[in-house]
């Protein structure tokens with residue numbers, strides 16, 4: 001279908017607008033039904049987009065008929081389609097969980113959620129780096145509002161930090177875009193990748209500054225080491241469905257790093273090739289170490305999980321920094337696995353928190369849980385997956401990354417760190433599990449049935465783990481093809497991206513003359 | 001012209017970053033505003049500075065690049081909305097926390113014992 005690539009953006013946008021209008025804005029039940037219907041449609045559309053991209057190659061959607069590099073283009077390649085599908089499924093899980101009651105704590109939860117989906121899908125699908133900025137702002141302003149949804153002292157405090165940091169990040173993003181436009185004369189990602197080869201020495205220095213500024217911005221979004229301090233408290237303070245949805249937010253930073261530093265400044269970029277890698281290596285390793293210390297030091301379950309997010313970002317970027325096709329493929333598999341599992345963990349932690357009274361999620365002796373069996377099994381599966389025990393996807397993804405790191409230097413750094421953090425996670429999560437489920441005091445209250453919607457949501461996200469293992473063959477095949485597509489510099493199909501033509505145009509001329 | 005322009009952008013950005021690093025929300029908001037001015041001017045300059053140049057071809061002997069002007073317009077709108085949101089959030093935070101410090105509490109400065117002696121004595 002011609003308009004398929006824009007559907008994941010249009011659908012949530014129209015849905016959000018409709019939900020603010022009378023027939024739906026009056027009743028929360030109608031909003032819930034409508035929102036879940038839209039999310040299921042979005043999952044179907046994403047699957048369709050993924051299959052189309054897989055079978056027919058990269059889809060280019062030119063808005064307004066202006067051919068690139070002049071108009072705004074959406075590019076749906078394998079990576080974009082995969083990320084959109086990931087977002088849709090995670091979003092459906094978070095939404096189902098929210099429908100069990102969390103969406104009533106404040107107003108406009110569902111419209112905000114849809115705007116968030118709009119921003120995230122837009123960021124994944126755009127082929128233009130300024131549009132990436134615009135969609136970043138769309139998803140950020142929705143996330144500011146979602147983060148504080150329900151109100152409360154903790155949320156306000158975390159949100160002030162989050163908003164200020166991201167506003168500074170946006171300013172730096174714009175500075176970087178200004179520099180890159182000044183030297184390259186274009187903002188279309190494919191076009192930038194072609195022009196970056198033909199820069200003179202002065203322009204190379206400026207472009208390098210611009211590219212590294214972008215690394216700072218995306219590092220802030222992804223929570224890379226010196227810029228990760230906002231994440232644990234923010235994620236621990238917000239409500240569970242929002243935290244689960246935010247599991248995709250750090251991945252957007254990683255995705256943008258992949259796009260900019262593999263497509264634009266990849267191996268064909270001449271003197272600027274791989275310029276981010278010397279930074280990514282040590283920072284990713286240190287991020288893993290800091291996150292692991294955070295997991296051990298956390299006084300509560302939600303803070304531990306938030307630190308697990310930091311570790312997963314470090315692992316992902318480490319695999320990205322290896323810069324080999326097999327490593328990128330492993331990183332993509334790990335990305336799918338870690339997004340679902342952190343989402344599920346946030347939801348499980350919330351259910352545990354709600355049953356422990358005043359002790360909330362802290363590791364102290366408290367009254368016993370009302371449904372220890374169901375929650376215990378869910379927590380046990382999630383913990384096994386995070387640690388990387390055999391039957392689940394954590395094991396497969398870890399093996400894939402370890403296999404990809406096969407040169408001497410990489411093995412020396414990657415193997416011990418990845419294996420040691422598994423051990424540390426085992427210790428930390430066993431401590432969490434034993435304290436929460438076994439070290440209980442006080443009267444055993446009667447078990448209430450859990451809200452079925454919440455259980456379905458958790459089952460959906462946790463179920464992804466065995467599915468990832470059972471269908472490991474096709475999925476790794478897909479991630480390998482995606483990695484190959486990222487590493488090769490194949491020109492877009494049916495796109496009119498002529499380098500010569502661009503040079504004839506006035507803007508191109510004025511910049512090349514400089 | 002380029003030198004003055006670059007100096008102004010640099011000064012605005014430096015002031016902005018300095019103010020963003022302060023502790024009170026209002027001052028941080030001012031800093032972010034200055035920073036967004038610097039960003040807008042910088043983006044504008046990325047299309048090169050030309051005098052008497054229309055952005056439409058054929059209107060003047062020289063032409064200026066229209067794309068940065070469109071980018072600046074977008075950046076202004078977004079920056080304005082974000083600042084408005086931050087102002088409201090800062091007021092909410094002031095109401096929730098009881099003070100306007102970004103950390104939600106005013107850090108207590110350690111008082112040296114000699115000063116305490118003077119005050120008591």
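The values are calculated or read from the model by the stated rules, or taken from the named source; none is laboratory data. Just so you know, these numbers come straight off a predicted model, no measurement behind them. Glycine gets a Cβ as well: all are built from the backbone with ideal geometry, and neighbour counts include every protein chain shown.
I'm trying to understand the selection: among the residues of the stretch A:32-67, which are outside any helix (DSSP H, G or I) and either in contact with a helix residue (DSSP H, G or I) (Cβ under 6 Å, 6 or more places away or on another chain) or farther than 21 Å from residue A:126 by Cα (or both)?
A:59, A:61
Run residue B:57 past the list (1) within 10 Å of another protein chain (Cβ to nearest Cβ); (2) touching a helix residue (DSSP H, G or I) at 6+ places or on another chain (Cβ under 9 Å); (3) at pLDDT 90 or above and report the number of the one that doesn't hold.
So the condition that residue B:57 fails would be (3).
Just name the residue that is farthest from residue B:109 (Cα to Cα) out of those in the stretch B:26-54 that are at the interface with another protein chain (Cβ under 7 Å from one of its Cβ atoms) and under 14 Å from the mean Cα position of the chain (by Cα).
B:42
Whether any residue in the stretch B:68-87 is free of Cβ contacts under 8 Å to residues at least 60 places away in the same chain, more than 8 Å from every other protein chain (Cβ to nearest Cβ) and in contact with a strand residue (DSSP E or B) (Cβ under 6 Å, 6 or more places away or on another chain) is what I want to check.
No - not one qualifying residue is present in the stretch B:68-87.
Filter the stretch A:1-21 down to residues that are under 13 Å from residue A:108 (Cα atoms) and either free of Cβ contacts under 8 Å to residues at least 24 places away in the same chain or in a helix (DSSP H, G or I) (or both), then give me how many there are. Spell out the reasoning first.
Taking the stretch A:1-21 and keeping what is under 13 Å from residue A:108 (Cα atoms), we get A:15-21.
Still in the running and either free of Cβ contacts under 8 Å to residues at least 24 places away in the same chain or in a helix (DSSP H, G or I) (or both): A:15-19, A:21.
Total meeting the criteria: 6.
Considering only residues that are within 12 Å of another protein chain (Cβ to nearest Cβ), under 30 Å from residue B:92 (Cβ atoms) and assigned to a helix (DSSP H, G or I), which ones fall in the stretch B:1-25?
B:12, B:13, B:16, B:17, B:19, B:20, B:25
If I filter the stretch B:56-73 for residues that are under 16 Å from the mean Cα position of the chain (by Cα) and not in a loop (DSSP other than H, G, I, E, B), do I get at least one hit?
Checked the stretch B:56-73: at least one residue is under 16 Å from the mean Cα position of the chain (by Cα) and not in a loop (DSSP other than H, G, I, E, B).
From the list B:26, B:7, which one is surrounded by fewer than 16 Cβ atoms within 10 Å (Cβ to Cβ) and closer than 19 Å to residue A:206 by Cβ?
Of B:26, B:7, the one residue that is surrounded by fewer than 16 Cβ atoms within 10 Å (Cβ to Cβ) and closer than 19 Å to residue A:206 by Cβ is B:7.
Return yes or no: is residue B:93 buried (at least 16 other Cβ atoms within 10 Å of the Cβ), within 11 Å of another protein chain (Cβ to nearest Cβ) and modelled with pLDDT of 90 or more? Spell out the reasoning first.
Details: buried (at least 16 other Cβ atoms within 10 Å of the Cβ): yes; within 11 Å of another protein chain (Cβ to nearest Cβ): yes; modelled with pLDDT of 90 or more: yes.
In short, yes.
Residues are listed down the side, and each one gets a yes or a no for (1) touching a residue at least 24 places away in the same chain (Cβ under 8 Å); (2) more than 30 Å from residue A:11 (Cβ to Cβ); (3) in a helix (DSSP H, G or I); (4) facing chain B (nearest Cβ under 9 Å):
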{"position": "A:122", "(1), (2), (3), (4)": "yes, no, yes, no"}
{"position": "A:151", "(1), (2), (3), (4)": "yes, no, no, yes"}
{"position": "A:164", "(1), (2), (3), (4)": "no, yes, yes, yes"}
{"position": "A:174", "(1), (2), (3), (4)": "yes, no, yes, yes"}
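Out of (1) over 30 Å from residue A:271 (Cβ atoms); (2) buried (at least 21 other Cβ atoms within 10 Å of the Cβ); (3) touching a residue at least 24 places away in the same chain (Cβ under 8 Å), what's the single condition that is false for residue A:222?
Checking residue A:222 against (1) over 30 Å from residue A:271 (Cβ atoms); (2) buried (at least 21 other Cβ atoms within 10 Å of the Cβ); (3) touching a residue at least 24 places away in the same chain (Cβ under 8 Å), the one that fails is (1).
What is the one condition in (1) away from every other protein chain (no Cβ under 12 Å); (2) touching a residue at least 12 places away in the same chain (Cβ under 8 Å) that residue B:100 does not satisfy?
Answer for residue B:100: the failing condition is (1).
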